[in-house]
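The numbers here are math on the coordinates, done by the rules we state, and not lab data. Note that the structure is predicted; figures quoted are calculated from it, not measured. Reconstructed Cβ throughout: ideal geometry from the backbone, glycine too, with neighbour counts over all protein chains shown.
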Amino acid sequence: MSSETSAGAPLIVNDVVCGFCGLGCDDLVVEVAGREVRPKASVCPEAARLLRRLDTADEAGPAADEVYDRARRLLDAARAPVFAGLGADIDGGRAILDLAIRHGGVLDHAASDGLFANYAAVQRTGWLSTTLAEVRNHCDVLLVIGEDPTAAFGRFFERALPAEALFTASRHVIVLGGSLGASARRQLGGATVTELAADDPVAALAALGQMVSGPAPRGASFGGATAEALAEAAAALKGAAYAVAVWNAAALDPADLIAERATRLVDALNVTTRAGVFPLGGRDNVTGINQLLLWRLGYPLRTAIRGEASEHDASLYATGAALKDADLLVWVSAFRPEPPPAFDGPVIVIGHPDIECATPPDVFIPVGTPGVDHAGTVFRMDSIVSLPLGALRVATLPSVAEAVRRLVPVR
Amino acid sequence: MRIRLRGGRVLDPANRENAVARDVEFVDGRVVAPTGERADAEYELGGAIVMAGGIDLHSHIAGGKMNLARLLMQEDRRAYPEKILPQMSGSFCGCGGGRAVPTAHATGCRYAELGYTTVFEPAMLGANARAAHLEMADIPNLDTGAYLVLGNDDFILRQIAQGAPQEEINAYVGWMLKATQAFAIKIVNPGGINAFKFNARKLDLDEANPHYEVTPRKVLTTLIRAVTELGVPHPIHLHGCNLGVPGNDETTLATIAATEGRRLHLTHLQFHSYGTEGDRRFSSAAARIAEMVNANPNISVDVGQVMFGQTVTASADYMSQYRNRGLANPKKSIGMDIELDAGCGVVPFEYRDKNFVNALQWAIGLELFLLVEDPWRIFLTTDHPNGGPFTTYPHLIRLLMDRDFRNAQLATLNKTAQAHTLLGQITREYSLEEIAILTRAAPARILGLADKGHLAPGAVADIAVHDENADREAMFSKAKLVFKDGRLIVRDGEVVDLAPGTTHVVRTEFDTAIEGKLDAWFDRTVGLKAKHFRLSDGELRGGRGPTVLNCVGGAS
Amino acid sequence: MSVVLRLKAPLAARLDLEGVTPAALAGKALAEVEALALPHGGRSVPLGELFAVRAGGEGRLVIEGGDARLDGVGAGLAAGEIVVEGDVGAHAGRGLAGGLLRISGNAGDELAAGMTGGRIELAGDAGARVGAAPSGARRGMAGGVVAIGGSAGIRAGERQRGGLILVGGDVGDEAATDMIAGTLAVAGRFGTGTGRGMKRGTLLARAVPDLAEGFADTGTHDLVALRLMARRVPDLAALIGSAVTARRLVGDRLQGGLGEVLVF
Amino acid sequence: MIINGVDIRDSFAEAFPMVGTRLIITADTPDWAMTAGRVTTGFATSVIGCGCEAGVERVIPPEETPDGRPGVAILIFAMDFKSLKTVVPLRLGQCILTCPTTACYAGIEGGKRVPLAKTIRYFSDGYQISKKFGDERFWRLPVMDGEFVCDEDTGSVEGVGGGNILILARSRGQALHAAEQAVKAMSQVEGVILPFPGGVVRSGSKVGSKYKALFASTNDSYCPTLRGVAAASALPDEVGSVMEIVIDGVSFDAVAAATRAGIEAVCAVGSAGGVVAIDAGNYGGNLGPFHFKLRDIMGGVA
């Protein structure tokens, strides 16, 4: 997995772990030649884009001491900083958290919208969920809510529903409110696919849940799906040995209600058979950073540290809302060149060297990418499995952890 | 650095010292024989009791289920905010809070305040091992370790179903212990969690898994043999079948019989000691189970005492937790099938003293404590947080040591429950020495930690000092001094420093031929490479790596 | 003792006043009140740094000069009275269990979230999710009365399970989403997608709202309950007036819900 | 004591503690409210055989009722709270729920709670609707004419049962006329009901019987046809008929006020109208704690 090369013959690296989308693929093949990284096989388009590096020294090079000094001064002066983006491995997350505990401020991740849409269900009622290996081997009926998951998770079906499974011989995919593209169809091979058009997946899903748990609602169509088609889907789900509901909350609206209805559907199914929710998400280690906050602060993301004590609020401390009250933005994005959101006050960027900001930030500290320049740990979307990222080349830039720890005065 | 504790009374049952007035000295984190040399620091103890740091061999402190519990129990977190200590402000991070599911830092701090220095997470799933170790690395002031949950994983069930030779099972167990950096093997509802994935709602000791046709008995005996032959010091740590089900006393007795004299640790025995007598079809079977434990020296137990109040139950036993989710309070719960490995269920719970079942559970736990005779084979646990948070230990210790107090508490409980327990007639009171055995000496011995749980030269300088107090709850609520690896971390019940802990792991010899099979298994079924499943030493404790106990196998 | 707090200057960061109630201030000297630590932005500051503190009339806390960043005003109030002369931020009256919270200006998001009793009177507009479930909590407002003079934002009454929310102006989209019980009475207009997932509960409306799918129109009925509410609940007297009939729509039937919209 | 020629005997009515409650019944019209009131309080003359004693207390004008419709107030009394909790929902369910256009409200605020809709709401099979404002909860039960609106519960009072007067007159016609005048006057008193038919009972009883199974039997001392036959006849020769009026009330004072109003009305009929005396039923003062001494009640009138 990990390999360092000096200039010379290109090196093929097998079983590379990918930390970008949260699906946790760990069988990528990459070619490394000097500083150049070229995706070769088992790489989805998004990972290919993010892995690819050219044989150029990272132009600016590491930030000078003065840059760190300036960042420290900004932090010391800030009364209400926001630590956002948080695209970092666990160790980077730890360093940011220590910094935030020292200075106070809000912590949120760039990809937390979907997470909190799901939390609207899971924090309020809990849910019955499942993980990738269970889906791979048990799932005979998969309910996809919304559009084709492969848009954001390129190898989803290949990973979740491989042709061979331990406990089921058949795979039936029901897509509610969307359709599958060519890539998805190719990955699914011989699986049965039912596409169920719906213009309002919340309503369609609600009706589906009601059909599973009680008397069917009256009407010919629900949320744009016909009652007949929904009844068929309900029968398939009830007849499944192990049904799984998946959705990508980040791509749905209102995603909180989708999550709630899917949770309810799965609860109803478990009365007589087995089923689980399998929410998709987890870009840029949002799952891992969230886990870290839970065990360190007892709260998920969107938590403010205010004078050594923390407080969580899913809306007030979302990045967008928090920035309205902030006097400093610390933007961390090591996995991809994602620019910080617009903000009037001072901005410190600790991120991918290719980040292009609309207005130059007050401080820019380029860092390496976990899984390319540095080893590190990221969590898969299920929050249970975490993966060791390896380094593909010699780092010329610090890791997030290294950069952030330089911002803390030595005790 | 030489530190001397003067004028204390040493309570060290492992070395047969019962409140012996003598100095205790340690140098660079290890206890040494007392010398006359000048010490870097001396503490005058004025007759206070000096013990080895407490060791909790069963407390859920890390891993995915605890984070799920934290997510679900924001009420608990809000009700117990950060304990900000003015004497350490600016340099101290006791971040987070919570009582039923405290954060990593709060766990380390609260345990330290009670005089505990080593705690074992008893249910680490292999799939979640990396996360559990990441979390444990963030627990200050405690050494930790984790028991790996096996017996519901499809790999081993397939092996058993296919009649794989014991050597191959042993190799798998050895590989898994190493790969997940675990300290012992835990079995949770043997095969039951797996059976639930095939829609079985219960599985008794001799019922066959609907898919594999393997019984819990077979899983249990196979894994007992494996750890015995691999030489893992701690016996199989068993959370048996039918947790919480009235009538599970028969299962528990049958389980003890199934060991055929091999060592087995029955965990949170209280939850497995329920009869079906009386109008409510729920009764205490503590007496008959204690009798069987007394008669079988190969058996050790911890109690999993129920303590009244709000808590949250978190267990790998999804089958049982799904059954109990209707009792959730507040009414919400999480369940999860996990990675062809096991599962988990998180159900918030409030034990109420006026509730018949809860009150009787409380009494059953205490009956077990008082009826199991050998203090070296029974351990003080609440199965934190399942029976109650570990911060209730001082209260529990007083219940054990003070009969009048115990009976006064009993008198306030649900009246019907009072009539269903023999507790009021039990006169036994634990001695201070016995408490020291339950909470230090015996756990160290059963875990095979030779340099812990005692104060002889060579021991790790994990030391707790408590002022004598006739009110044992007050005495054990706040340690006077606590040293971790010789470093002062608690003074007068308040944390004054954070010391990094280590993580204990075991390593066994095993036939590496199993790796080929595992590579194929992980590739084809799990969808994760075995080499990425495996944790390197450098992934533990922020790169400092584990403290390894090498096992000598061969016995059977 | 009761206290008047006068905000010295507009707030530069959010300030959380949760727990600053007449009961909490009772028996405190002014200097002790000034020394109370309040979360402000990423820090903790003494109350006296932001407010001028003086003694006031008996039994109540007065806050002069509100601010849209002044969060948690009246949160956890169980008895007594808090009067704000100005605006408040988020979470005003969160978990309010008794007493009276009166605000002369506007309020931010989640006014009255998780409230269980007592009364809130807001002269101006409220933000999103009036009476909803606080972050992480299962259910919304369970009791008491929230009377809003102006309008309210989106998802008013979300997961509400009791009590009365009265809005003099309009409410935003998706009002009463997943409402469990209770009453949301609106003198003005509802937004779109009203009532989705309603289990129980009542919306009082002057015109048929833009309802989510899943409502059955049961027609117009002479409802004795209207006459009763108009007389028994003073807050509803003006809204219901002399109406004796209402059109009754029931939903969300897609989830077997029996919430209702009464249009009169 | 003699008033307008009527002898107010030196006797007293002996009454018991009872627990009672008031219900306000409204309907679209006064007639339907009264119908519901009458039916609900029907077959409720004596706890001995009916389980409770009940009657219409008064008619309530629309402007005074909770929903602005015409109404009546009824009172229901039982010997203990447990019985009251049984009998009230039973009558509510059979007689008010069923009666067209009605609604039913709590008529007493304080005291232990007597369930109303709390018990009968299940009739609506899950379609019942609860509304709670402040501490008050009411229910709406879908029924075929619309909705039956009913409070969750009502309060209760510790009242007085068994207040009474006996009207001794020369003839049956005169006794009945005097009794009718009394009933008319007593009905104006708030807080009382006269549970017997038309307010009057002609079969007054004594405690006990020669038949072991019976608790009570005819009041032979006051039966004119047994004069000189019964052991202790209380009737002078000129008395040819006796009528009794039994009073249950929410308080001692209410029963006393009704007693006085009744006596005054009877005395207004006077000896000219054939009334000889007014007496009261008691058991020697050993059974009931409440004693309504006729002469004390009428004190100052003579």
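So for each of A:133-144, D:102-113 I average, over its residues, the number of other beta carbons within 10 Å; can you give me the resulting order with the highest mean first?
Result, highest mean first: A:133-144, D:102-113.
How much length is gained on full extension from D:ILE2 to D:SER209, taking 0.36 nm per residue of separation minus their Cα-Cα distance?
Values: separation 207, 0.36 × 207 = 74.52 nm, distance 3.38 nm.
Using 0.36 nm per residue and subtracting the Cα-Cα distance, I get 71.1 nm.
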Picking from D:CYS150, D:LEU75, D:VAL47, whose Cα lies most toward the positive end of the charge dipole for the stretch D:19-157 (charges on Cβ: Lys, Arg +1; Asp, Glu -1)? D:VAL47
Positive-end residue of B:SER431, B:ALA442, A:ALA33, charge dipole of the protein assembly as shown with Cβ unit charges: B:SER431
Pop a pseudo-label 7 angstrom from the Cα along the beta-carbon direction at both B:GLN425 and C:SER242 and give the gap in nm to one decimal. 7.9
Per-residue mean of C-beta atoms belonging to partner chains within 10 Å, peptide A:217-226: 3
Along its three principal axes, how long is the stretch B:1-87 when you only count alpha carbons? Whole Å, largest extent first please. 55, 34, 24
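Counting Lys and Arg as +1 and Asp and Glu as -1, each charge on the Cβ, what is the dipole of the protein assembly as shown about the Cα centre in debye, to the nearest 20?
Numbers: 149 positive and 174 negative charges, 441 e Å.
It comes to approximately 2120 debye.
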Roughly how many nanometres apart are two label points built 7 Å out from the Cα toward the Cβ at A:ASP69 and D:GLU63? 8.7
Quote the relative contact order of chain D in percent (integer), defining contacts as alpha-carbon pairs under 8 Å separated by 6+ residues. 27
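Over the protein assembly as shown, what is the percentage of antiparallel beta bridges among all DSSP beta bridges, to the nearest 5? Let's see the in-between values first.
Values: 144 of 265 bridges.
Antiparallel: roughly 55 percent of the beta bridges in the protein assembly as shown.
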With a ≥ b ≥ c from the Cα gyration tensor eigenvalues, square-rooted, and the rule rounded for a/c under 1.5, otherwise prolate when a/b > b/c and oblate otherwise, the stretch A:199-342 is prolate
Of A:LEU237, A:LEU280, A:LEU11, the one that fluctuates the most in a GNM where chain A has Cα springs shorter than 10 Å: A:LEU11
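Given 20 °C and 1.002 mPa s, how large is the Stokes-Einstein diffusion coefficient of the stretch C:109-263 in µm²/s, with Rh as the Kirkwood radius over Cα pairs?
On the way: Rh = 14.7 Å.
It diffuses with D of about 146 µm²/s by this estimate.
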Where only alpha carbons of the stretch B:16-57 are counted, the Rg and the Dmax (Å): 11.9, 37
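Contact order normalised by length for the stretch C:151-213, with contacts defined as Cα pairs under 8 Å and 6 or more residues apart; what percent is it? Write down the numbers at each step before the final one.
On the way: 192 pairs, mean separation 19.0, N = 63.
About 30 percent, as a whole number.
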Average beta carbon contacts from partner chains per residue of A:73-83, 10 Å cutoff: 2
Please list the equivalent ellipsoid semi-axes of the stretch B:366-521, computed as the square roots of five times the alpha-carbon gyration tensor eigenvalues, in descending order and whole angstrom. 34, 25, 15
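At 1.002 mPa s and 20 °C, plugging the Kirkwood radius over alpha-carbon pairs of the stretch B:200-340 into Stokes-Einstein gives what diffusion coefficient in µm²/s? Please list the in-between numbers first.
Working: Rh = 16.4 Å.
Calculated translational D: 131 µm²/s.
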Just to be sure I understand the curve: with the Debye formula and one point per C-alpha of chain A, what is log10 I(q)/I(0) at q = 0.07 Å⁻¹? -0.36
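Per residue, how big is the convex hull around the C-alpha atoms of the stretch C:63-144? Give it to me in cubic angstrom, could you?
Details: hull volume 5.1 nm³, N = 82.
Measuring per residue, one finds 62 Å³ for the Cα hull of the stretch C:63-144.
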Mean-square fluctuation maximum in Gaussian network of chain C, Cα pairs under 10 Å, restricted to C:VAL62, C:VAL233, C:VAL45, hits C:VAL233
Go from 0 up to the bin containing the longest alpha carbon distance in the stretch B:425-464, width 10 Å each, and give me the % of pairs per bin. 30, 46, 16, 8, 1
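I need the shape label for the stretch A:115-281. Rule: rounded when a/c is under 1.5, else prolate if a/b > b/c, else oblate, with a, b, c from the alpha carbon gyration tensor.
Details: a/c = 1.28, a/b = 1.24, b/c = 1.03.
Since a/c stays below 1.5, the shape of the stretch A:115-281 is classed as rounded.
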Selection from C:ALA205, C:GLY182, C:GLY127, by position along the positive dipole direction of the stretch C:109-263 (Cβ): C:GLY182
Which value, in debye to the nearest 20, gives the size of the charge dipole of the stretch A:115-281 about its Cα centre, when Lys and Arg are +1 and Asp and Glu are -1 at the Cβ? 340
With the 8 Å Cα cutoff and a minimum separation of six or more residues, chain B has a relative contact order in percent of 21
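Shielding by partners for A:157-164, please: the mean number of other protein chain Cβ atoms within 10 Å of each residue's Cβ.
Values: counts 0, 1, 2, 1, 0, 3, 0, 2.
Mean partner-chain Cβ count within 10 Å for A:157-164: 1.
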Most fluctuating residue of D:ASP28, D:ASP145, D:ASP135 in a GNM of chain D with Cα springs under 10 Å: which is it? D:ASP135
Taking the DSSP beta bridges in chain D as the whole, what percent of them are antiparallel, to the nearest 5? 95
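So for chain D, considering every pair of alpha-carbon atoms, how many percent are separated by more than 27 Å? Display every interim value, and only then the final one.
Working: 19868 of 45451 pairs.
For chain D, the share of Cα pairs beyond 27 Å comes to 44 percent.
Please state, rounded to one decimal and in Å, the Kirkwood hydrodynamic radius that the protein assembly as shown gives when every pair of distinct Cα atoms enters the mean of 1/r. Before the final figure, lay out the partial values.
Numbers: mean 1/r = 0.0273 Å⁻¹.
Result for the protein assembly as shown, one decimal place: 36.7 Å.
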Give me the distance in nm between label points sitting 7 Å out from Cα along the Cα-to-Cβ direction at B:ASN329 and C:LYS28, one decimal. 3.4
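Strictly greater than 17 Å: what percent of every Cα pair in the stretch C:180-242 meets that?
Working: 893 of 1953 pairs.
Considering the stretch C:180-242, 46 percent of its Cα-Cα pairs are separated by more than 17 Å.
How long are the three semi-axes of the equivalent ellipsoid of the stretch B:218-270, in whole Å, if each is the root of 5 times an eigenvalue of the C-alpha gyration tensor, listed from largest down?
Numbers: eigenvalues 89, 24, 14 Å².
So the three semi-axes of the stretch B:218-270 are 21, 11, 8 Å.
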Could you tell me what percent of the DSSP beta bridges with both partners in the stretch A:115-281 are antiparallel, to the nearest 5? 10
What value, in deg cm²/dmol to 500, does the helix sum -39500 (n - 2.57) over DSSP H runs of n ≥ 4 give at 222 nm once divided by the residues of chain C? -2500 deg cm²/dmol
Quick P(r) readout (the stretch B:345-396; Cα-Cα; 10 Å bins; whole %) gives 21, 51, 24, 3
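To the nearest 0.05, how large is the calculated FRET efficiency for D:TYR122 and A:ALA220 if R₀ is 35 Å and r is the Cβ-Cβ distance?
Numbers: r = 33 Å, r/R0 = 0.95.
Once rounded, the FRET efficiency stands at 0.60.
Normalised by the empirical 2.2 N^0.38 Å for globular proteins, what value does the Cα Rg of the stretch D:19-157 take? Working shown, then result.
Details: Rg = 13.7 Å, N = 139, 2.2 N^0.38 = 14.3 Å.
My calculation over the Cα atoms of the stretch D:19-157 gives 0.95.
Kirkwood Rh over Cα pairs of chain B into Stokes-Einstein at 20 °C, 1.002 mPa s: D in µm²/s? Mind showing how you got there, number by number?
Working: Rh = 23.5 Å.
In µm²/s, the coefficient is 91.
Show me the ranking of peptides A:261-273, C:213-225, A:181-193 by mean Cβ neighbours inside 10 Å, starting with the highest.
A:261-273, C:213-225, A:181-193
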Lys, Arg +1 and Asp, Glu -1 on Cβ, resulting dipole of the stretch B:328-426 about Cα centre, debye, nearest 20: 520
Mean-position separation - Cα centroids, the stretch C:107-160 and the stretch A:105-177, in angstrom: 34
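Taking the mean number of other Cβ atoms within 10 Å as a proxy for protection, how do you rank B:431-437, D:202-208 from highest to lowest?
Numbers: B:431-437: 20.4, D:202-208: 15.0.
Order by mean packing, descending: B:431-437, D:202-208.
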Please list the three semi-axes, largest first and in whole Å, of the ellipsoid equivalent to the stretch A:306-350, using sqrt of 5 times the eigenvalues of its alpha carbon gyration tensor. 20, 13, 11
In whole Hz and in residue order, list the ³J(HN,Hα) couplings for the stretch C:70-75 that follow from phi through the Karplus curve 6.51 cos²θ - 1.76 cosθ + 1.60, θ = phi - 60°; x for Gly and Pro. 8, 8, x, 5, x, 5
Which values of log₁₀ I(q)/I(0), to two decimal places, follow from the Debye formula for the stretch A:275-411 at q = 0.11, 0.14, 0.15, 0.22 Å⁻¹ with a uniform point scatterer at every Cα? -0.47, -0.77, -0.89, -1.54
Bins of 10 Å, beginning at zero and ending with the bin holding the largest distance: percent of Cα pairs per bin for the stretch B:403-488, please. 14, 33, 27, 18, 7, 0
What is the Cα centroid distance between the stretch D:174-206 and the stretch D:111-154, reported in whole angstrom? 34
